Amino acid sequence: MAPKEIYIGVIGAGGVGKCFLSQLESLSKRYATNASSPKLSLVLVSRSTKTLYSEKYTSLRFENLSTKLAESTQKTLSVTEAIEFLAATPAKAILVDNTSSQDVADQYPSALSKGISIVTPNKKAFSGSYKLWQDIFSAAASSGAKVYHESSCGAGLPILSTLKDLVDTGDEVTKIEGVFSGTMSFLFNSFAPLEGSGGKWSAEVTKAKELGYTEPDPRDDLNGLDVARKLTILARMSGLPIESPTAFPVHSLIPKELESVSSGDEFLQKLPQFDSQMEETKVAAEKEGKVVRFVGSIDVAKKEVKVGLEKFDRSHPIAALKGSDNIISFYTKRYGANPLIIQGAGAGGEVTAMGVTADLIKVIERLS
Ligand SMILES: NC(=O)c1ccc[n+]([C@@H]2O[C@H](COP(=O)([O-])OP(=O)(O)OC[C@H]3O[C@@H](n4cnc5c(N)ncnc54)[C@H](OP(=O)(O)O)[C@@H]3O)[C@@H](O)[C@H]2O)c1
């Protein structure tokens, strides 16, 4: 039976955090109309420099929460203090980490060992050192607290839950392959489209930045590390003890000469000098009747993980991807030659928050 009351603390109120808080408000109202659902009490919300919390653990009101947080004069709690605050709630507590902070992620074992469950889209804890991964799951196993992180790979797409179900039900996952970055998806779908010839590489990167598809410095997307982090999570869930996201080959699309230029703007200004490298790759694929895409793959049997450019037949689902969608194919013994494929938006505040809220519901249902 689900507990009668659950206390929730939310760290991070940016793009995803704000959408999550709005979804939490709807969920709380829906639960309040159902006698068998627990009462959800939001008792802490924080940003990097502000904290709003309820000293007596009565629920904060959702109205104008962002403004109240921005104007809060309460002491800004450190992550450790926020965890202590949640550990002292009168009933079970859940910490929702909507940051991309390594400092917050490093505190998960401590929170879990104090019985606080964790729900998060933050990749850092699950794709950092293998020791942190082990510490997180052993702390959860000993205390009974739960940890769910669906949105740490592919936003709200049901990628981790699907992989977990495949593994837990005894299927043999042989290979995982896909486009794991909305930015890379958008770039390659425009640079090497199925219809038409696409623009110059540097022009497509500049356009993607102008449309808000890249990080402020596009090198943070082009270095492949974000994809490598997602692959690390999937590989570990498939049973491979990957040490870190730098423990396997990752093909960075940043020309060596531009790795150390001082700003994203200078990088974009100089990138046209290197267009011929990407053009050659595109033309080589075209000569074989294929298109080039930036993919991550895990060969589970060979224990090989890699991230980089691959050529695909024009009829392949990866070649036919549209816009900034992600696509992930699971090749398994049960599914045979036709993989189980998950496709759709892999970024965006609302869909990412959907994955977080869905995880929160799972934790609530499993806490007893
Ligand atoms: N956006 C997406 O489409 C998407 C998709 C999949 C996964 N994710 C993941 O979702 C998470 C949130 O992404 P986002 O786009 O919402 O980022 P964001 O807009 O940059 O918001 C991050 C929030 O975390 C707060 N924060 C950072 N460090 C903190 C700390 N040490 N203590 C307390 N608060 C801290 C920031 O505070 P300030 O407001 O004071 O700066 C901000 O409110 C990230 O892990 C990201 O990788 C995002």
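The values are calculated or read from the model by the stated rules, or taken from the named source; none is laboratory data. On a predicted model such as this, the values are computed, not experimentally measured, just so you know. With ideal geometry, Cβ positions are generated from the backbone for all residues, glycine too; neighbour counts draw on all protein chains shown.
Of everything in segment 316-330 that's of a type outside the set (A, V, I, L, M) and in contact with a Leu (Cβ under 8 Å, 6 or more places away or on another chain), which residue is nearest to residue 175 (Cα to Cα)?
330
Could you tell me which numbered condition residue 52 fails, if it satisfies all but one of (1) within 30 Å of residue 225 (Cα to Cα); (2) touching a Ser or Thr at 6+ places or on another chain (Cβ under 7 Å)?
(1)
Determine which single condition residue 179 fails, assuming it passes every other condition in (1) more than 16 Å from the ligand (Cβ to nearest atom); (2) in contact (Cβ under 8 Å) with a residue 40 or more places away in the chain; (3) crowded, with 21+ Cβ neighbours inside 10 Å.
So residue 179 meets the others, but not (1).
Taking strands (runs of 3 or more DSSP E) that do not extend beyond segment 7-99, which have at least 3 residues that are within 16 Å of the ligand (Cβ to nearest atom) and not polar (S, T, N, Q)?
Filter on segment 7-99 gives 39-46, 93-97.
I'm trying to understand the selection: among the residues of segment 318-343, which are among the basic types (Lys, Arg) and modelled with pLDDT of 95 or more?
333, 334 - these are the residues of segment 318-343 that are among the basic types (Lys, Arg) and modelled with pLDDT of 95 or more.
Kindly indicate which of 302, 270 is free of Cβ contacts under 8 Å to residues at least 12 places away in the same chain, out of contact with any Cys (no Cβ under 9 Å at 6 or more places or on another chain) and more than 28 Å from residue 155 (Cβ to Cβ).
On inspection, the qualifying residue turns out to be 302.
Restricting attention to segment 71-114, which residues are aliphatic (A, V, I, L, M) and either under 20 Å from residue 40 (Cα atoms) or more than 26 Å from the chain's Cα centre (by Cα) (or both)?
Across segment 71-114, the qualifying residues are 82, 83, 86, 87, 88, 91, 93, 94, 95, 96, 111, 112.
Where in segment 122-197 are the helices (runs of 4 or more DSSP H), entirely inside, with at least 2 residues that are among the charged types (D, E, K, R)?
Fully inside segment 122-197 and qualifying: 130-143, 160-168.
Picking from 239, 224, which residue would you name as being out of contact with any strand residue (DSSP E or B) (no Cβ under 8 Å at 6 or more places or on another chain) and either in contact (Cβ under 8 Å) with a residue 60 or more places away in the chain or under 17 Å from residue 163 (Cα atoms) (or both)?
Going through 239, 224 in turn, just one is out of contact with any strand residue (DSSP E or B) (no Cβ under 8 Å at 6 or more places or on another chain) and either in contact (Cβ under 8 Å) with a residue 60 or more places away in the chain or under 17 Å from residue 163 (Cα atoms) (or both): 239.
Looking at the structure I just gave you, is residue 346 closer than 20 Å to residue 227 by Cα and either within 16 Å of the ligand (Cβ to nearest atom) or at pLDDT below 95 (or both)?
Taking the combined requirement at face value, the residue satisfies it.
Residue under question is residue 50, and the condition is that it be modelled with pLDDT under 95 and either charged (D, E, K, R) or at negative phi (or both); does it hold?
So residue 50 fails the test.
Residue under question is residue 52, and the condition is that it be within 22 Å of residue 66 (Cα to Cα), crowded, with 16+ Cβ neighbours inside 10 Å, hydrophobic (A, V, I, L, M, F, W, C) and without any contact (Cβ under 8 Å) to a residue 40 or more places away in the chain; does it hold?
In short, yes.
For residue 351, indicate whether it is buried (at least 21 other Cβ atoms within 10 Å of the Cβ) and either within 13 Å of the ligand (Cβ to nearest atom) or closer than 19 Å to residue 294 by Cβ (or both).
So residue 351 fails the test.
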